[in-house]
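Note sheet for the following structure.
The values are calculated or read from the model by the stated rules, or taken from the named source; none is laboratory data. Quick caveat, the model's predicted, so the values are computed rather than measured. Heads up, the Cβs are rebuilt from the backbone with ideal geometry, glycines too, and the neighbour counts pull from every protein chain shown. With ligands, DNA and RNA removed, areas are computed over all heavy atoms of the protein, side chains included. Shrake-Rupley method; radii C 1.70, N 1.55, O 1.52, S 1.80 Å.
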Amino acid sequence: MAKMNEELGDLLKDPEQFISRLTIMHKQRQRLSSFDLNEPQKKLLEVLKTSNRVIILKARQMGISTLVRGWHFWQTYMASQPKQYAVISHTRDSAEELHRMEKTFYDNLPVQLRRPLSKSSSRTLTFEDSGATVRTHTASGKGGTRSFAMNSVHLSEFAFYENQEETMATVMAAVGEGQIIIESTPNTPGDKFHELVEGAMKGENGWTLVFFPWYSHAAYAVEEIPGWYIPTAVEKKVQEDLQITTQQLCWRKKQLKTLGQEKFIREYPATIEEAFRSSGVQFFDPVAMDKIDPVDMGSHEHRQYAPPQPGEAYVLGVDVGSGLGKKTDFSAITVVSGSTRQPVYHFISNTTPPSKLAEVIVGVWTRYHQPKVIVESNGNGHWVLHKLKELKVKGLYKDDKGKPFRTTVGTRPLLFQAIKEVVDSGIIMKLDRHVLEELKTIVYIKDKPQAAKRKNDDVTVSMALCYYLLERMPLMVSHSVKRAMMEKHIAAMKAKKSTRMLPWNVRGGNKTGGY
């Protein structure tokens, strides 16, 4: 018995041992599980032992808030007097979820460790013998702890508070010299959270900064690398820069395909700079853009890089404009080769009404072997799709629900990610000069890729639609054949770069893109 009591005493004194004996609800498995600390959690625990001002910038779902709740629970459990520990969250639902963690901790303690509570409510746990309390609050404009004196406060997902400045002022007054722990994924560049992170980086504000990039979490890796996955040159550079495994690189690829570039970076940053990337940053990799050879094809509506090739399969993407002559509203048609992934044709016009655009599409569709067609159905796109059906155009894109493509908050990131992957990978060797300049004007505005002010993105969207469709189509040639064709094509392009000529003969022979 004496030995057991001694072992229990040692357990209680060591926060890591105590927390590792707690029980949590495993989110992925949806069942109770022992609290096995991962490496980021262990690293954070060491910081919490020595610093009273801790700010944590993290990727999503790394168990950081769970660890901090475990730390507070241990402190409350070990207190010999009525100390107060609080957690503040940005929403009521998340606050309730955090309190459920503490209830789960207590309810599943070993019998010999379970001490009686004097209060157990929807937001409070108080131990009967010491009066020590752990309490949950929801952030609001008036602050969550104005009427309390606290020994320690945990601010969860602080970057998403409506009034970060006032909450911080209230918490600082309530805690005094006690411990304040801020943890959050990034949200808005320039906000109070960003300001605190920058101050901590420079050593100016007395806060200890802990940053957990996505690749620091062992769970963010695939178990097996699928046969289809071949890292691109850009991905290999990412792997080298971050010193990550191919399993991690493949996991990153899957997330990018699902979330899109901007959302992935916001929720799974790899660097502090990336986490707070501000508006105006170029969307496409500048180094990759500089390697694309600009071709002067004039201002023709029809711009053909290559005539249709026998046996080749193509895809056709359409962004529909109003046709009213506006300088920032064009209709654009792009045709892309299925084997080389190169654009072979553009139609660009701001004076072609939707009624005439459908006829233009039919002409291009017929010329390029009746390819699969994807039309953005927003706005005038609905009318164009209706007309194409009347004109008996086959192979119109439909999603799993039988609907045409529509740009939404959910699909736009995937659309732009599809073209970004191709451009940044160096696959595109040559582009019409005006099209290349348009791609260079696509920047991040509030974390979303958009055309810069007074610029347009119509050709970019028509190209992106093509690459989006290609990702979702059955392979038209085998991997090995397609790779061989691609390598042959790239080699040919590199050989011709020094001559600054078009990659294919242009109809009419004038090398200006006349059609």
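Structure data summary
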{"item": "Residues with amide H under 5 Å from that of ASN380, placed H, sequence gap 5 or more", "result": "none"}
{"item": "Cut-off under 5 Å, modelled amide H: who pairs with VAL295 long-range", "result": "LEU431, ASP432, ARG433"}
{"item": "Highest-first arrangement of 461-471, 401-411, where packing means the average Cβ count within 10 Å", "result": "461-471, 401-411"}
{"item": "Reach of LYS327 by Cα under 17 Å, taken over aspartates and glutamates that are not fewer than 8 positions away in the same chain", "result": "GLU301, ASP319, GLU437, GLU438, ASP457, ASP458"}
{"item": "Cα-only radius of gyration and Dmax that characterise the stretch 360-399, units Å", "result": "9.7, 28"}
{"item": "Spherically averaged projected area in nm², based on the convex hull that wraps the Cα atoms of the stretch 188-290", "result": "8.0"}
{"item": "Hits among aspartates and glutamates - C-alpha to C-alpha of LYS372 under 14 Å, sequence gap 8 or more where chains match", "result": "GLU312, ASP399, GLU471"}
{"item": "Heavy-atom accessible area per residue - the chain, 1.4 Å, Å²", "result": "47"}
{"item": "Of LYS420/LYS446; LYS237/LYS263; LYS13/LYS83, pairs whose Cα-Cα distance is over 25 Å", "result": "none"}
{"item": "Projected-area mean, the stretch 53-147, by convex hull of Cα positions, square nanometres", "result": "7.1"}
{"item": "Derived scalar couplings ³J(HN,Hα) [the stretch 409-423; Karplus, 6.51 cos²θ - 1.76 cosθ + 1.60; whole Hz; x for Gly, Pro]", "result": "4, x, 8, 4, x, 5, 4, 6, 5, 4, 7, 4, 4, 5, 5"}
{"item": "Long-range HN-HN contacts of HIS137 with modeled amide H, under 5 Å", "result": "VAL87, ILE88, SER89"}
{"item": "Under Karplus coefficients 6.51, -1.76 and 1.60, residue-wise ³J(HN,Hα) of the stretch 206-222 in Hz, glycine/proline x", "result": "x, 8, 9, 8, 10, 10, 10, x, 4, 6, 7, 9, 4, 6, 8, 7, 7"}
{"item": "Rounded percent of accessible protein surface that carbon and sulfur make up, the stretch 201-352, 1.4 Å probe", "result": "50"}
{"item": "Rounded D (µm²/s) - the stretch 171-220, Kirkwood Rh over Cα pairs, Stokes-Einstein at 10 °C, 1.306 mPa s", "result": "125"}
{"item": "Cα long-axis angle, helix 64-78 against the chain (0 to 90 degrees, to the nearest 10)", "result": "0"}
{"item": "The chain, helix-only ellipticity at 222 nm - DSSP H runs n ≥ 4, -39,500 (n - 2.57), divided by all residues, nearest 500", "result": "-12000 deg cm²/dmol"}
{"item": "Surface share of carbon and sulfur [accessible, 1.4 angstrom probe, percent] for the stretch 41-190", "result": "46"}
{"item": "Neighbourhood charge, 14 Å Cβ-Cβ cut-off, centred on ASP457 and excluding it, Lys, Arg +1 and Asp, Glu -1", "result": "+3"}
{"item": "Among (1) 179; (2) 161; (3) 125, the entry that matches volume of the Cα convex hull per residue in Å³ as calculated here", "result": "(1)"}
